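A quick write-up on the structure given underneath.
The values are calculated or read from the model by the stated rules, or taken from the named source; none is laboratory data. For clarity, every value in this text was computed on a predicted model and none was experimentally measured. Positions of Cβ are generated from backbone atoms using ideal geometry, with glycine treated the same way; all protein chains shown enter the neighbour counts. Ligands, DNA and RNA are stripped out before the accessible areas are found, and what is left, the full protein with its side chains, is counted by its heavy atoms. Shrake-Rupley method; radii C 1.70, N 1.55, O 1.52, S 1.80 Å.
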Amino acid sequence: MTRLVNAAPNFAGEALEGFVAAHSGHVLPVHGGVVRASATPAGQVAVVLGGGSGHYPAFAGWVGPGFAHGAVCGNTFASPAASQVYSVARAADAGGGVVLGFGNYAGDVLHFGQAAERLRAEGVDVRTLAVTDDIASAPRQKRDQRRGVAGDLIVFKVACAAAEEGLELDAVEAIGRRANDATFSFGVAFDGCSLPGAGRALFTVEPGQMAIGLGIHGEPGIGEQPLLGADELADLLVGEILDEAGTSQPDGRVAVLVNGLGSVKYEELFIVYRRVAHRLAKADLTVVRPTVGEQVTSLNMSGLSLTVTFLDDDLERYWTAPADTPAFHRGPVVDEQPRRVLAAAPAGRRIQPGSPASRACAAWVAGALAHVRDVVTQHEARLGEIDAVAGDGDHGMGMARGSAAAARAAAEAVSARAGVRGLLVHAAEAWSERAGGTSGALWGAGLTAAARALDDENTPTPDDIVRASRAAVDTVVRLGGAKPGDKTLVDAAMPFVDVLQAWTAAGTPLAAAWSAAAEAATEAAEATAGIPARLGRARTHGDGSIGTPDAGAVSFALIVSALGIHFPTDQSREQS
């Protein structure tokens with residue numbers, strides 16, 4: 001259990017605040033994360049890493065000379081919002097372009113990708129580097145679908161050292177991809193972790209058993225087997241990686257990380273490494289500067305992982321290059337000049353007043369969003385339990401944070417005399433920013449798309465609302481890449497908008513059409529219990545998710561049902 005918590009929603013932010021206070025010589029705070037306290041030489045490529053909190057030292061602990069230029073810190077086990085990625089990247093940029101590094105998770109891909117698009121639109125050359133080292137999460141021929149786990153350390157250290165050496169953006173990106181292609185990880189757990197404020201672990205392992213092939217967000221392993229002794233476990237880890245990667249590497253040199261996931265003690269890790277080193281030597285592999293300890297954790301999870309990177313001359317040089325960060329030190333580094341000016345808070349968006357009619361409708365929307373917040377909060381625990389079956393258990397928490405932030409932003413927008421479009425844009429940004437994760441990205445983008453279909457002058461007609469709903473769902477489909485049958489929120493969203501459009505086209509009053517559409521979404525969400533997951537974090541567990549509905553589909557159905565309660569029931573009021 002995570003015991004030292006004030007309020008669970010504030011856990012990540014307060015932890016980051018304390019980290020900055022403890023390491024002010026290395027990092028400075030910016031909106032969404034931290035950057036180096038030292039100034040980056042003009043024209044140097046900046047490498048910005050990031051992901052959810054709960055994995056320290058990843059990612060903020062790796063910021064400093066020789067390593068990362070900045071780190072974006074999302075909520076616990078949730079990807080940071082695109083606005084946070086943008087903020088940290090802007091603060092870190094020294095004119096040489098930016099590499100955004102993250103683990104290959106749906107929320108991170110979405111948010112870092114959106115931030116990259118915004119930066120490019122402003123003239124910043126940006127590349128993205130998604131780590132895919134976890135051999136348990138997808139077969140060899142689908143390497144691009146694998147998760148990023150402890151291999152983050154080695155891949156990012158190599159890319160950052162290349163940037164520090166002065167390589168241009170193309171070369172930094174290329175060396176990072178080479179490192180990723182040469183990196184393989186496999187992990188085991190002896191017990192699950194618990195989210196801040198949660199009364200129980202996301203998953204449990206029976207005494208005398210261990211879960212194998214697990215992720216770093218509390219996802220259960222792909223299987224269980226009897227607990228092994230230290231040497232036998234080391235043999236298993238090495239064997240899995242060598243079987244995957246092969247031993248016929250041209251140079252015979254490897255970087256190695258034995259990584260603790262949160263509560264396995266260092267002495268235990270050293271015992272495992274002792275056998276790992278022996279097994280690698282028998283395979284004619286020379287270990288170069290091994291690292292043993294906690295580098296990519298999962299809160300208080302009991303477990304460990306092994307990462308092996310097959311080195312060439314360039315990869316070895318960058319792996320062994322000096323670095324000085326709060327959690328990773330290697331060799332001497334040249335003193336750098338302190339950073340002088342830095343903004344720690346984001347600039348607020350100015351709200352343009354809407355027409356009286358649009359302001360009245362905006363007030364109605366704000367009330368509806370407040371009701372959505374209450375409904376989601378009521379079902380937060382249930383959504384987390386559903387998500388924990390084959391995911392990381394944070395969906396309820398993320399949706400509660402996002403809907404609450406949207407409701408607050410909507411109330412602020414009403415006070416600023418916003419119209420419907422302005423209010424929805426303000427609420428969308430707040431939802432994405434506070435929720436993080438895949439759900440934050442998709443709900444933020446969906447609400448933004450809905451806003452673009454409306455304006456701040458006119459009261460939306462039923463046709464306008466249908467068009468905005470269709471735009472929101474189409475945007476979610478485009479960004480998330482899911483289709484019906486993949487066991488995602490799309491399974492509920494598509495039937496919803498199809499029924500809404502068909503019933504209103506047939507002349508049905510909007511309130512009745514919305515109610516029918518919400519009922520269709522609810523039925524479709526419940527039906528996801530009968531299908532395996534094909535996309536999202538649960539995809540690695542496939543058939544293991546059968547019997548439980550998709551958390552994203554369930555939350556979508558809850559929200560559209562909650563919105564339906566606020567629609568006027570007589571035709572005359574719909575047009576007013």
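Under 5 Å between amide hydrogens, built in the peptide plane, is the criterion, and for Ser137 it picks out Arg147 among residues at least 5 positions away or on other chains.
Let me check something: with ligands and nucleic acids excluded, how do Lys483, Lys142 order by accessible area (1.4 Å probe), largest to smallest?
From most accessible down to least: Lys483, Lys142.
Put simply, the convex hull of the Cα atoms in the range 440-486 casts, on average, a shadow of 3.6 nm². Once the Cα atoms of helix 152-165 and of the chain are each reduced to a long axis, what angle between those two axes, in degrees from 0 to 90 to the nearest 10, is obtained? Around 80 degrees separate the two axes.
Return the tail of the calculated pair distribution for the range 161-215, meaning the percent of Cα-Cα pairs more than 18 Å apart. Beyond 18 Å sits 59 percent of the P(r) for the range 161-215.
Normalising by residue count, the range 57-196 has a Cα convex hull of 114 Å³ per residue. Counting only protein heavy atoms and a probe of 1.4 Å, the accessible surface of the range 376-415 is 49% carbon and sulfur. Database remark: amide H of Arg253 closer than 5 angstrom to the amide H of Thr286, Leu311 (H placed geometrically; neighbours at sequence offset of 5 or more, or on other chains; Pro and chain starts carry no H). For the chain, the longest principal axis of the C-alpha atoms and the axis of helix 462-480 are separated by about 10°.
Mean residue ellipticity at 222 nm, helices only, the chain: -15000 deg cm²/dmol; runs of at least 4 DSSP H residues each add -39,500 (n - 2.57), and the sum is divided by the number of residues.
Rg/Rh, computed from the Cα trace of the range 116-207 with Rh as the Kirkwood radius, has the value 1.11. Taking a straight line from the alpha carbon of Lys487, these aspartates and glutamates sit under 13 Å away, with near neighbours fewer than eight places off in the same chain left out: Asp387, Glu526, Asp543, Asp550. According to the Kirkwood relation over distinct C-alpha pairs, the hydrodynamic radius of the range 196-290 is 15.1 Å. The C-alpha atoms of the chain occupy a region whose extents along the principal axes are 81, 55, 42 Å, arranged from largest to smallest. To the nearest 10, the accessible area of Glu244 is 30 Å² with a 1.4 Å probe. Per residue, the convex hull spanned by the Cα atoms of the range 386-452 measures out at 63 cubic angstrom. 3J(HN,Hα) along the range 283-291: 8, 6, 10, 9, 7, 10, 6, x, 10 Hz, from the Karplus curve 6.51 cos²θ - 1.76 cosθ + 1.60 with θ = phi - 60°, whole Hz, x for Gly and Pro.
Shown in residue order for the range 549-558 are the 3J(HN,Hα) couplings computed by the Karplus curve 6.51 cos²θ - 1.76 cosθ + 1.60 at θ = phi - 60°: x, 6, 5, x, 5, 5, 5, 4, 4, 4 Hz (x for Gly and Pro). Here the spin labels are modelled as points 7 Å beyond Cα on the Cα-Cβ line, and at Asn10 and Glu117 they lie 3.5 nm apart. Against the chain, whose longest principal axis comes from its Cα atoms, helix 106-121 is set at around 80 degrees. Straight-line cross-link reach from Lys282 at under 18 Å between alpha-carbon atoms covers these aspartates and glutamates, not counting any fewer than eight positions away in the same chain: Asp231, Glu232, Asp235, Glu240, Asp243, Glu244, Asp251. Surface listing: Lys487, Lys282 arranged by accessible area from highest to lowest gives Lys282, Lys487, probe 1.4 Å.
Report the FRET efficiency, 1/(1 + (r/R0)^6), for Thr461 and Gln145, where r is their Cβ-Cβ distance and R0 is 56 Å, rounded to 0.05. Walk me through the intermediate numbers first.
Details: r = 43 Å, r/R0 = 0.76.
Rounded to the nearest 0.05, the efficiency is 0.85.
Using modelled backbone amide H atoms (1.01 Å from N, in-plane), which distant-in-sequence or interchain residues come within less than 5 Å of Ala418's amide H? Sorted by chain and number, the residues that satisfy this are Gly354. Once you list every other residue whose beta carbon is under 10 Å from the beta carbon of Ala82, what net charge do they have if Lys and Arg are +1 and Asp and Glu are -1? Summing Lys and Arg as +1 and Asp and Glu as -1 gives -2. Once the 1.4 Å probe is applied to the protein heavy atoms, the range 228-297 comes out at 45 Å² accessible per residue. In the distance distribution for the range 407-516, Cα-Cα pairs more than 23 Å apart total 32 percent.
When the residues Arg147, Arg421, Arg118, Arg452 are ordered by accessible surface, computed with a 1.4 Å probe over the protein chains alone, the sequence from largest down reads Arg452, Arg118, Arg421, Arg147. At full extension, Ala171 and Ala230 could sit 17.2 nm farther apart than now, given 0.36 nm per residue minus the alpha carbon distance.
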